[in-house]
1. Counting only residues that are buried (at least 23 other Cβ atoms within 10 Å of the Cβ) and not in a loop (DSSP other than H, G, I, E, B), how many does the stretch B:177-194 have?
2. Please determine whether any residue of the stretch B:121-131 is at pLDDT below 95 and more than 21 Å from B:Pro11 (Cβ to Cβ).
3. Can you tell me which residue is surrounded by the fewest Cβ atoms within 10 Å (Cβ to Cβ) among those in the stretch B:94-109 that are more than 7 Å from chain A (Cβ to nearest Cβ) and not aliphatic (A, V, I, L, M)?
4. (1) touching a strand residue (DSSP E or B) at 6+ places or on another chain (Cβ under 8 Å); (2) without any contact (Cβ under 8 Å) to a residue 60 or more places away in the chain; (3) not in a helix (DSSP H, G or I): which one isn't true of A:Asp96, the others all being true?
5. Scan the stretch A:1-12 for residues that are within 11 Å of another protein chain (Cβ to nearest Cβ) and buried (at least 24 other Cβ atoms within 10 Å of the Cβ) and jot them down.
6. Of the numbered conditions (1) of a type in the set (Asp, Glu); (2) at pLDDT 55 or above; (3) assigned to a loop (DSSP other than H, G, I, E, B), B:Glu216 satisfies every one except a single condition; which is it?
7. Can you pull out the residues in the stretch A:12-47 that are within 18 Å of the chain's Cα centre (by Cα), more than 15 Å from B:Lys23 (Cβ to Cβ) and in contact (Cβ under 8 Å) with a residue 60 or more places away in the chain?
There are 2 protein chains.
Amino acid sequence: MGKVYLVGAGPGAVDLITVRGAKLLEQADIVFYDALVDPEMLHLCPQAVQVAVGKRCGKLSSAQQFINKRLVDAAQKYQTVVRLKGGDPMLFGRADEEIQTLKAAGIVVKVVPGITAALAGAASIQQSLTLRGVSRSVAFVTLAQGTENLTTGQPIANPSADTLVYYMGRKDAAKIAQRLIEQGQYGGTHQQDTPVQILEAVSTPRERFWSSTLQELADGKADTWFDSSSPALIMVGEALRDPLQSTSAKINNGLQDSHIFANSRRRA
Amino acid sequence: MGKVYLVGAGPGAVDLITVRGAKLLEQADIVFYDALVDPEMLHLCPQAVQVAVGKRCGKLSSAQQFINKRLVDAAQKYQTVVRLKGGDPMLFGRADEEIQTLKAAGIVVKVVPGITAALAGAASIQQSLTLRGVSRSVAFVTLAQGTENLTTGQPIANPSADTLVYYMGRKDAAKIAQRLIEQGQYGGTHQQDTPVQILEAVSTPRERFWSSTLQELADGKADTWFDSSSPALIMVGEALRDPLQSTSAKINNGLQDSHIFANSRRRA
């Protein structure tokens, strides 16, 4: 029986996979890859059978069950099976279902972490997600699918943190912003002029940024900007304020103009 | 003038740096590295001048200012300067101060993300930080240093999320657990029997795990287990429950025994 490696491909750029992940691709007999994985990354494993498992986050669980079964089948036929997953396997990756299925079949599983999009995005815009004296916590959140705990039946609470990063929150962006502003009025962390950074297709040639405030996001100003074919991150928090803007923002304490630009911003 | 690359070294293991980071080390003229970086990683840059900047998180800012100055000086002398930082530069990494100083000096900066310890830790214990229908948010938190926003003077709020990962929370572990249990009694997310996973020296040969519950952590049962010479992560949340334990835990709805073990747990 072979081993199955769940490998995080990282955010998109081929060279943002880990060295360990790249070596496993070079050794793989068969590679199952996500829709979120850049096809260029498969150049690292020309020797392997390459199987697209065209699931994007939020699709039906039957697709997941089919992937689980194919992984078990592959481990009975090949020595080194790589399951290449966009981002990191343990964060919004549904790795758990694959791990449990493989273990139940007596198959050895190893997990190789990947760079999650939020960290690659912070590197792209060169803004820390935490900032000494300003932000000591960051929450990564998805709004996709159910809002009830399937075990307890309790509603899943909205997170709070100094910095919030929403994965897959695009279509609810204005609503999210409105709710955060309302919470801010009752003692919550975020306010109308709290900085917002939206990042699309992080680390790829299609990477784009939108820099604004919570109020402008609530007003729907980002809605026409989104490119629905790219994954987007919505980042909210005082740590994300451009240091060059912070003085005037503090003086005015008002809304800043939104800034729409592509790829080159704050990148040298 | 040279360029300065802030590179995330990842959690510890030499092959958990990104391919991009490893290539930059191979090209570097000079490398400034943290106390948290494994010396073995410097084998990737035998050609470079190697400078230890022996700061661990939470040290005095004068040390940080000295590092900032040395980076500026190096960029005036060398073409490729690498600042190698444990974990990810943009998460609890104080990269912001280095970036602003370098930019103010007119030096080009690029940031290369790294695997943060929480994701490497989740990979080691093979437990997802988010879980469909159970946990849709994870917060990374540090308790180090001030609890006031230096800009606004407002207290920095305690975060809430389905899964919490505390970086550098070791000495306050029992207090953190006690507070989470109290919050749970007033509608918060976590309860006495909520699973806790503590991970030390993630991804290194000294890696150790402690698996228990919030109540046992509150009772101080982890206190003697900690090895203060290793960085530790405290993870809290229902997503971290061992799937093999979940049925009985639901039936008993009581405390589970703690499990203390090294390196091999749930790793194949």
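1. 2
2. The answer is yes, given that some residue of the stretch B:121-131 is at pLDDT below 95 and more than 21 Å from B:Pro11 (Cβ to Cβ).
3. Of everything passing the filter in the stretch B:94-109, B:Gly106 is surrounded by the fewest Cβ atoms within 10 Å (Cβ to Cβ).
4. Only one criterion is unmet by A:Asp96, namely (3).
5. Correct list: A:Val4, A:Leu6, A:Val7, A:Gly8, A:Gly10, A:Pro11.
6. (3)
7. Of everything in the stretch A:12-47, those that are within 18 Å of the chain's Cα centre (by Cα), more than 15 Å from B:Lys23 (Cβ to Cβ) and in contact (Cβ under 8 Å) with a residue 60 or more places away in the chain turn out to be A:Gly12, A:Leu36, A:Asp38.
Listed here are the residues, each with its yes/no results for (1) under 11 Å from the mean Cα position of the chain (by Cα); (2) hydrophobic (A, V, I, L, M, F, W, C).
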site: B:Asp96; (1), (2): no, no
site: B:Gln100; (1), (2): no, no
site: B:Lys103; (1), (2): no, no
site: B:Gly106; (1), (2): no, no
site: B:Val111; (1), (2): no, yes
site: B:Ala117; (1), (2): yes, yes
site: B:Ala120; (1), (2): yes, yes
site: B:Gln127; (1), (2): no, no
site: B:Leu131; (1), (2): no, yes
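The values are calculated or read from the model by the stated rules, or taken from the named source; none is laboratory data. As the structure is a computational prediction, the values presented were derived from the model and not from experiment. For neighbour counting, all protein chains shown are included, and Cβ atoms are generated from backbone atoms with ideal geometry for every residue, glycine included.
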